[in-house]
1. Give me the residue from the range 336-353 that is farther than 22 Å from Gly212 by Cα and among the aromatic types (Phe, Trp, Tyr) and, out of that set, farthest from the chain's Cα centre (by Cα).
2. Among the residues of the range 1-35 satisfying the criterion of being open to solvent by 40 Å² or more (accessible area, probe 1.4 Å) and not in a loop (DSSP other than H, G, I, E, B), which is farthest from Ala161 (Cα to Cα)?
3. Being on the phi > 0 side of the Ramachandran plot, touching a residue at least 60 places away in the same chain (Cβ under 8 Å) and away from the ligand (no atom under 12 Å from the Cβ) narrows it down to one residue among Gly286, Gly302; which is it?
4. Which of the residues that make up the range 354-379 are under 26 Å from the mean Cα position of the chain (by Cα) and charged (D, E, K, R)?
5. Of the residues in the range 94-151, how many are among the small types (Gly, Ala, Ser), crowded, with 16+ Cβ neighbours inside 10 Å, within 14 Å of Arg41 (Cβ to Cβ) and more than 20 Å from the chain's Cα centre (by Cα)?
6. Working only within the range 211-251, note down all residues that are closer than 24 Å to Ala76 by Cα, over 20 Å from the mean Cα position of the chain (by Cα) and open to solvent by less than 40 Å² (accessible area, probe 1.4 Å).
7. Would you confirm, using the coordinates I've provided, whether Val270 is β-branched (Val, Ile, Thr), more than 10 Å from the ligand (Cβ to nearest atom), in a strand (DSSP E or B) and at pLDDT 95 or above?
8. Which fully enclosed helices (runs of 4 or more DSSP H) of the range 318-388 have 3 or more residues being of a type in the set (Gly, Ala, Ser) and either open to solvent by 40 Å² or more (accessible area, probe 1.4 Å) or farther than 30 Å from Ala157 by Cα (or both)?
Amino acid sequence: MGADRHEVIVVGAGPAGSVAASVLAQAGRDVLLLDQTGFPRDKACGDMIPWQVVRLMLDLGMGEAVRAAHFYPIKATRIVSPNGAVFETRVYDHDGTDTCIVPREVFDAILWEHACKRGAQFEVVHVEAPIVEKGRVVGVSGRTGSKHGAWREIRAALVIAADGATSAIARALRRHKPPDAHRAVALRAYVDDFDVVDHMAESYFTRDLVPGYGWVFPTGEGCANVGVGMRLDLFRQRGRTLKEMLDDFLRLPMIARRRGAHSRVDRVLVWQLHFGSDDFPRIYDGALLVGDAGGFTDPLTGGGIYGAMLSGKLAAEAALQALAEGETRREALASFETGWRKQLWPAFRLSTWLQRWLASSPRLVDFVVNLLVRHPRLGQAIAERVQG
Ligand SMILES: Cc1cc2nc3c(=O)[nH]c(=O)nc-3n(C[C@H](O)[C@H](O)[C@H](O)COP(=O)(O)OP(=O)(O)OC[C@H]3O[C@@H](n4cnc5c(N)ncnc54)[C@H](O)[C@@H]3O)c2cc1C
């Protein structure tokens with residue numbers, strides 16, 4: 001294909017886009033992967049990588065990179081209710097595959113490098129909009145290098161939008177932002193000189209944050225990824241900033257007493273999440289929405305990396321089928337819808353129901369955590385179910 005014409009353009013080289021690009025490139029397709037920034041780059045995240053993600057990386061041929069990066073395994077989890085009840089349970093590995101904590105700077109770079117090694121062509125372009133002709137997406141326009149770079153139009157038979165929760169492509173095709181009740185805002189920071197519980201992920205459902213929560217995820221000795229997140233509509237009602245909420249969280253006695261005299265709160269980042277409770281079209285003539293652009297984040301846990309990578313893979317598989325048939329209209333891409341509805345939608349529905357139920361009263365969280373404390377075997381069984 002010509003310099004500014006490709007078979008597929010993937011916009012965004014986070015987990016969703018890099019996986020989509022690597023599957024397409026591996027199959028020998030001409031794929032252009034665009035991101036507004038080069039890699040490695042940071043991303044606001046709790047850095048919790050569920051075991052299903054690690055398994056997917058191994059399946060996609062990233063075993064060597066995974067082993068070389070020495071991911072930090074999680075072996076236990078602690079849940080604290082608004083009234084201070086504490087439930088702790090083990091986190092099992094799945095055939096040797098652990099849930100891990102990995103800084104996104106490291107994690108995303110592995111996925112991006114894999115896509116490039118498989119043959120995806122990468123360029124730094126700030127994409128501003130899809131090019132739509134006669135109701136069909138035929139490419140993207142944007143600026144090379146940065147928001148102020150040279151204007152550029154690139155064409156393709158198919159565009160896969162993986163440009164995250166504030167996706168310019170999703171907004172243009174959908175014609176509005178996702179409703180607030182299907183979005184969340186969250187803040188992440190790294191805290192050092194901190195007495196972490198080795199290999200334990202801690203979640204705190206405080207009265208202010210429910211059905212969101214605060215977290216302490218250890219990243220290594222004496223250091224943790226700490227953050228707070230909540231549903232956007234409820235956040236707006238509170239009228240407080242996320243930084244104020246983080247400060248409150250750090251003042252909780254269970255947290256404050258574990259910080260040393262030299263403990264610093266560093267690298268504070270805020271970003272949005274787009275929940276799988278949002279039922280809207282993810283397929284258009286000539287375009288697919290994946291990852292946070294398509295709302296593939298779990299509405300209860302806020303975990304979105306698995307949904308991003310799986311939706312990226314399913315989109316690439318649907319694209320391969322459509323390209324083989326020489327047709328990229330909506331109907332030809334329908335296997336993407338069938339695939340994610342089967343593999344992700346049941347969990348999203350359950351999480352949506354639980355999230356709304358818990359949002360109705362923090363007391364329900366107290367009730368549930370107290371129940372788990374009194375019946376640890378039930379708690380363990382539920383935890384295993386939630387962990388997959
Ligand atoms: C504070 C916080 C904590 C979280 N914690 C966890 C967690 O612990 N575990 C978990 O599983 N999930 C977590 N999530 C959710 C998770 O981060 C996302 O679901 C996941 O990153 C989605 O991947 P993605 O590839 O769709 O989007 P992203 O990771 O956001 O990647 C999108 C890419 O698109 C690029 N891009 C954006 N706009 C443009 C543009 N206009 N032009 C070109 N490129 C563009 C960006 O630079 C970026 O590289 C958290 C989210 C937040 C905000």
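The values are calculated or read from the model by the stated rules, or taken from the named source; none is laboratory data. Since we're looking at a predicted model, the values are computed, not measured. A quick note on method: Cβ atoms are made from the backbone with ideal geometry, for glycine too, and the neighbour counts reach across all protein chains shown. Note: accessible area is taken over every heavy atom of the protein model, side chains too, but ligands, DNA and RNA are not part of it. Shrake-Rupley method; radii C 1.70, N 1.55, O 1.52, S 1.80 Å.
1. Looking at the filtered set, the residue picked out is Phe336.
2. Residue satisfying both the conditions and the ranking: Gln26.
3. Gly286
4. Listed by number, the list holds a single entry, Arg356.
5. Summing the residues that are among the small types (Gly, Ala, Ser), crowded, with 16+ Cβ neighbours inside 10 Å, within 14 Å of Arg41 (Cβ to Cβ) and more than 20 Å from the chain's Cα centre (by Cα) in the range 94-151 gives 0.
6. The answer is Gly220, Gly222, Cys223, Leu246, Phe249, Leu250.
7. Answer is no for this residue.
8. 345-359, 376-386
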